[in-house]
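For reference, the structure is listed below as structure tokens.
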Amino acid sequence: MVVGAGPAGLALSSRLAASGISVETVDREDQPGGVPRHCFHSGFGLRDLRRRMTGPAYARHWADAAVRAGAVLRTGVTVTGWSEGPPADPLAVDVTSPAGLERITARAVVLATGARERPRSARLVPGTRPAGVFTTGELQQAVHLHHRPVGRRAVVVGAEQVSYAAVRTLRDAGVEVVAMVTELPYHQASPATALDARLRHGVPLLVDARVSELLGRGRLTGVALRHRDGRGTTVACDTVVFTGDWIPDHELARRGGITLDRASRGPSVDGSFRTDRAGVFAVGNLLHAVEPASTAAREGLLAAEPVLRHLAGGTRPLAWIPVQVEEPLLWVAPNRLDPADPRVEAGGFVLRTEGRLGPWSSLVVRRDGRVLHRQRMVRGAVPGRTVRLSAAWTAKVRAEVTAAVRDPDGGPVRISVER
Amino acid sequence: MTVTVSGPLPDEVYDVVVVGAGVVGAAIARELARYRLRTALVEASGDVGDGTSKANTAILHTGFDAVPGSLEARLVREGRDRLASYAEECGIPVEPIGALLVAWDEEQLAALPALARKAARNGYRRTRTVAADELRSREPHLGSGASGALEVPGESIICPWTTTLAYATQAVRSGVDLHLNCRVTGVGESAARSPRLLTTGRGPLRTKWLVNAAGLYADEFDRLLGHTDFSVTPRRGQLIVFDKLARQLVSHILLPVPTALGKGVLVSPTVYGNVMLGPTAEDLDDKEATGSTAEGLAFLRERGRRIMPELLDEEVTAVYAGLRAATGQDDYAIRSHPEQGYVTVGGIRSTGLTASMAIAAHVVELLTEAGAKVGTARDLVPVTMPNLGEASPRPYQRADLIAADPAYGALVCHCERVSRGEIRDALAADIPPSSPEGLRRRTRALGGRCQGFYCGAAVRALLDASGADAWSSSSLREAAR
Ligand SMILES: Cc1cc2nc3c(=O)[nH]c(=O)nc-3n(C[C@H](O)[C@H](O)[C@H](O)COP(=O)(O)OP(=O)(O)OC[C@H]3O[C@@H](n4cnc5c(N)ncnc54)[C@H](O)[C@@H]3O)c2cc1C
Ligand SMILES: Cc1cc2nc3c(=O)[nH]c(=O)nc-3n(C[C@H](O)[C@H](O)[C@H](O)COP(=O)(O)OP(=O)(O)OC[C@H]3O[C@@H](n4cnc5c(N)ncnc54)[C@H](O)[C@@H]3O)c2cc1C
């Protein structure tokens, strides 16, 4: 059973179904496809499907693939929690749909529930509670799926890739973007995107600044900004979009007693996407909010193999080796290794950093003080963007474990940055 | 059944007009609906319960810590019992989870017996002191340093939105006229035996008796009739609401030991399954200052970290602020002016939700004493409210409801699991919402952790189709011109 029909869940379903497994994939939305359904710009598919597609086309591609392979795809079906399944093996979840309540049992459950942006309240932005306050997700749906008017003058909070997507959506809706605001001293998108917004579309980027208050009763009338040096200004606008600042949609994972990574807030998994609950896997943005859709889809494909192994009666490790990060790194996914088979199915690890990493700095992987791997980052890295780490070194972990050198259990793997 | 939102008011003479459709005014209108009176409830806002009544800590108090002998003490005590049984009758979510007054040092610990004695003087004798180790086993997530507590088993949590809406709905169904978007701005002189003429934003209104339940504005309204015996100072309370996943951290209402500055910051579950931290207490002079502030939120987080450190690691769902109607006096300012056919219900500060039904009964007594001919009471048309609480099954959990109407199985707001059926019902109810906020108070749609990331556009589209949203497309377009 797959929970969530976004790119990750759909890609996984297609591959599992193609292997002859009976797969049921549910999504609470009326249409399958996940977030790309409302990302109307092109920029999907290039990396994994080798063609330029819009989000909805990309979503359709994976939904069709899953159905063609024989997966049962059910939409408008919400998984509301775990139920006490029959004793021992199978897992059971409760669902609600217009057809009523159901208990679905399965031998493996894959969580692919995605991620969302933290709204204004969760960011503790003070002020009044006027209309006109959005996240990118809500904005895109309002404009592209419901064709609703938004406002006239908008401020976009954030300057990462998704923030520029918000700018584009606002422009499509005929809204003037009066400013983008980021607390960091630089934007975190690709230079071309940022340049295009600033030069061709005249959207000023205010750096080192944060929104310190929302103003207006009934409707937003402006946002107060505070610059790092203490200066304050007010920008008049009737719309503000809070972008980025992701949080995995981990409710089901947490309610299932699955251990989460404290920093990423996604379920803690190993290289085979296994959580610490037997038979429960997790893939996609639930693990790493937020990566491009192609990454989520690829994980879905890669997860098929471990799920099949589990269904064939594969064993589980009794304990995992934790993979931890040191400042300024924020989190890493996957973040545990199976000592017997520390292989990482996806092309490596993804990490995030809290502070900028300068060009030529290195990621260093150690275990019990021994350096396992050193990887130079020629271009450095910025917060809010992927940092990738190769998984080649995991073979050394295995070698150590099988050779039972000194201490077979050993300590955690630690990843740090050297400048 | 009459609810109006625009246009001129009925050209008739009401027996009683109640000004202000907060929880207090709505309770009064409901109580008046028992009698053969023509009653109108008039409200400046486009919805009921849009003032202080929507933004409080939602506790059904026992009144254990009231000022003994005060009118407030009596009305809170009586009001609690009345509302508790009313809630059961019409499905207002209530959970009798009890409170623990937590002492954080020796001095506070020493203050507990006196509080127990005060409770007894208020007729509340079920308090009990709880030793540190028992406290820890009952609330294992409390921060370090809690040295004991006073247990007040009767304190409960309640849904304030459903309460106000239930009163107003029942009043309307029983014959009261509700006029929204109708601020009363002037009161004519009363000539003997002739009705009084009120000026409103929607034209004239005539009535024999007048009840002022204008909340924060009760003092200003009083001035229109020449009374100056109290003034309202808004005392802001900011609150932080944490995610439903935090609910298992806390099982009681955790009250601080009160100080001279007020009741202090509490941590409490809500009937919606969240956890609330607050409120602050800030005296202001702006009666509309319901915004939150950086200082207020920092203060709450600092307090919260001591009470329950793990709570601060949870996601925040909402931040809001309410204004208490403080008067500088130690009691409610409920005054009858028989010669004017007028009753003022002022200074209903931090206990008005609990006391509302008892206040209403008291006001009807005052009107009767003043000479209003109310006749004999009759039964009200019963109401059953949609359930917003987590303690009993919500529609998405009910196979029977979904079988009868699949719309209750079609979830629109995923975080709060609100179905299309519930949204449809709210939009078609006797008192429909006038804004996304109003819809949220009736269904919880938009009120969850994502605050609209997933469902915002869909919910607004449903609202828009019903023509209820003041910020609908048409009004935006008009504003653009
Ligand atoms: C606003 C935004 C803009 C983006 N723009 C781009 C872009 O331009 N290019 C790009 O490559 N990537 C973009 N991304 C990232 C891309 O959309 C994601 O990487 C991709 O959608 C992740 O796929 P997923 O399957 O992990 O999750 P999602 O696509 O989020 O899918 C999760 C699915 O799970 C369902 N679900 C959750 N809980 C339950 C439950 N309890 N019961 C049933 N169903 C449930 C949800 O309804 C949803 O359909 C964007 C993301 C966002 C949020
Ligand atoms: C932070 C906080 C926490 C609280 N916690 C609790 C609690 O836990 N338990 C509890 O019992 N109580 C609590 N309270 C108190 C409770 O919320 C109030 O006592 C109660 O809501 C007051 O109701 P009301 O009807 O008097 O006022 P309101 O709800 O403010 O209603 C007054 C109405 O009058 C209308 N109005 C004003 N002037 C006019 C006019 N001229 N014409 C027409 N309409 C007019 C307004 O628009 C408003 O809707 C708390 C309050 C706050 C602020």
Summing -39500 (n - 2.57) over every DSSP H run of at least 4 residues in chain A and dividing by its residue count gives a helix-only mean residue ellipticity at 222 nm, to the nearest 500 deg cm²/dmol, of -6000 deg cm²/dmol
If you place +1 on the Cβ of every Lys and Arg, -1 on the Cβ of every Asp and Glu, and leave all else neutral, what size is the dipole of chain B about its Cα centre, to the nearest 20 Debye? 660
Would you please put B:237-243, B:112-118, A:300-306, A:136-142 in order of how densely packed they are, using the mean number of other Cβ atoms within 10 angstrom per residue and starting with the highest? A:136-142, B:237-243, A:300-306, B:112-118
Cα extents of the range A:287-419 along the principal axes, largest first, in whole Å, come to 45, 39, 18
For A:LEU205, tell me the accessible area in Å² from a 1.4 Å probe, rounded to the nearest 10. 40
Chain B: antiparallel bridges as % of DSSP beta bridges, rounded to 5, reads 70
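With all pairs of different alpha carbon atoms counted, what Kirkwood hydrodynamic radius in Å does the range B:150-233 show?
15.8
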Size of electric dipole in the range B:321-377: Cβ of Lys, Arg +1 and of Asp, Glu -1, about Cα centre, debye, nearest 20: 180
What per residue convex hull volume, in Å³, do the alpha-carbon atoms of the range A:191-286 yield? 183
Positive dipole terminus of the protein assembly as shown, leading residue within A:THR75, A:TRP62, B:GLY237 (C-beta point charges): A:TRP62
q = 0.14, 0.19 Å⁻¹, the range A:39-191: log10 I(q)/I(0) [Debye, one scatterer per Cα]: -0.96, -1.24
Given 20 °C and 1.002 mPa s, how large is the Stokes-Einstein diffusion coefficient of the range A:333-384 in µm²/s, with Rh as the Kirkwood radius over Cα pairs? 168
Which residue, A:ALA312, A:ILE415, A:ALA112, has the largest displacement toward the positive end of the dipole of chain A when charges sit on each Cβ (Lys, Arg +1; Asp, Glu -1)? A:ILE415
Between 0 and 90 degrees, rounded to the nearest ten: what's the tilt of helix A:293-311 against the longest Cα principal axis of chain A? 20
Relative to the longest principal Cα axis of chain A, at what angle does helix A:7-18 sit, 0 to 90 degrees, rounded to 10? 30
Using only the Cα atoms of the range B:51-199, each taken as one equal point scatterer with no solvent, compute I(q) by the Debye sum, divide by I(0), and report log10 of the ratio at q = 0.20 Å⁻¹. -1.24
Residues whose built amide H sits under 5 Å from the amide H of A:GLN324, excluding neighbours closer than 5 in sequence, are A:VAL413, A:ARG414, A:ILE415
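Over the range B:74-130, with every protein chain in place, what whole percent of the accessible area is carbon and sulfur at 1.4 Å, could you tell me?
Carbon and sulfur together cover 47 percent of it.
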Taking K and R as +1 and D and E as -1, what net charge do the other residues with C-beta under 15 Å from the C-beta of A:GLY347 add up to? -1
For peptide A:149-157, how many partner chain Cβ atoms fall within 10 Å of a residue's Cβ, on average? 2
Inter-chain shielding metric for B:289-299, i.e. average beta-carbon neighbours from other chains within 10 angstrom, reads 4
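Report, please, the projected area of chain B averaged over directions, based on the convex hull of its C-alpha atoms, in nm². Intermediate results must be reported in sequence, preceding the final value.
Working: hull surface 92.4 nm².
For chain B, averaging the hull's shadow over all directions gives 23.1 nm².
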Among beta bridges that DSSP assigns inside the protein assembly as shown, antiparallel share in %, nearest 5: 65
In units of 2.2 N^0.38 Å, the Cα radius of gyration of the range A:42-98 is 1.63
Distance histogram in 20 Å bins (all Cα pairs of chain A, percent per bin): 25, 54, 20, 0
Beyond 12 Å, what share of the Cα-Cα pairs of the range A:66-111 remains, rounded to the nearest whole percent? 66
Quote the total accessible area buried by chains B and A together, excluding ligands, DNA and RNA, probe 1.4 Å, nearest 100 Å². 4300
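Shielding of A:242-249 by partners, i.e. mean partner chain Cβ atoms within 10 Å per residue?
2
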Overall dimensions of the range A:1-93 as given by Cα atoms, namely Rg and Dmax in Å: 14.4, 48
Correct semi-axes for the range A:106-238, from √(5λ) of the alpha-carbon gyration tensor and rounded to whole Å with the largest first, are 25, 19, 17
If every alpha-carbon in the range B:216-326 counts as one equal scatterer, what log10 I(q)/I(0) does Debye give at q = 0.10, 0.14 1/Å? -0.35, -0.61
Where the convex hull is taken over the Cα atoms of the protein assembly as shown, what is its projected area averaged over directions, in nm²? 39.5
Before anything else, pin down the relative contact order of chain B: Cα pairs under 8 Å, at least 6 apart, normalised by residue count, whole percent. 20
Residue-normalised accessible area of chain B, expressed per residue, 1.4 Å probe, Å²: 38
With the charge dipole of the range B:60-203 built from beta-carbon charges (+1 for Lys and Arg, -1 for Asp and Glu) about the Cα centre, the Cα from B:ALA171, B:VAL67, B:ALA120 projecting farthest to the positive end belongs to B:ALA171
Using θ = phi - 60° and Karplus 6.51 cos²θ - 1.76 cosθ + 1.60, couplings along the range B:104-109 (whole Hz; Gly, Pro as x): 9, 8, 4, 4, 5, 4
Show me the three semi-axes of the equivalent ellipsoid for the range B:251-380, from the C-alpha gyration tensor (sqrt of 5 times each eigenvalue), largest first, rounded to whole Å. 38, 18, 13
Using only alpha carbon pairs under 8 Å that are at least six residues apart, calculate the relative contact order of the range A:1-140 and give it in whole percent. 26
Tell me which cysteines of chain B come out unpaired when the rule is another cysteine's Cβ under 4.7 Å. B:CYS90, B:CYS159, B:CYS182, B:CYS415, B:CYS450
What translational diffusion coefficient, to the nearest whole µm²/s, does the range B:324-481 have by Stokes-Einstein, given a Kirkwood radius computed over alpha-carbon pairs, a temperature of 10 °C and 1.306 mPa s viscosity? 83
A:ALA115 long-range amide H proximity, modeled H, under 5 Å: A:ASP249
Given Cβ point charges of +1 (Lys, Arg) and -1 (Asp, Glu) and nothing else, what value in debye, to the nearest 20, does the dipole of the range A:42-138 about its Cα centre take? 600
What are the radius of gyration and Dmax of the range A:284-338, computed over its Cα atoms and given in Å? 13.7, 41
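Between B:ASP330 and A:HIS227, how high is the FRET efficiency from 1/(1 + (r/R0)^6) when r is the Cβ-Cβ distance and R₀ = 41 Å? Nearest 0.05.
0.30
Carbon and sulfur together cover what percent of the accessible area of the range A:207-354 at a 1.4 Å probe radius?
Heavy-atom surface of the range A:207-354 belonging to carbon and sulfur, 1.4 Å probe: 50 percent.
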Over all distinct alpha-carbon pairs, what is the Kirkwood Rh of the range B:133-192 in angstrom? 17.3
For chain A, what's the relative contact order in percent, using C-alpha pairs closer than 8 Å and at least 6 residues apart? 14
For the range A:50-136, fraction of C-alpha pairs farther apart than 18 Å, in %: 67
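The values are calculated or read from the model by the stated rules, or taken from the named source; none is laboratory data. Keep in mind it's a predicted model, so treat the numbers as computed, not measured. Note that we place each Cβ from the backbone using ideal geometry, even for glycine, and neighbour counts take in every protein chain shown. For the accessible areas, the whole protein counts, side chains as well, though only heavy atoms, and no ligand, DNA or RNA atoms are used. Shrake-Rupley method; radii C 1.70, N 1.55, O 1.52, S 1.80 Å.
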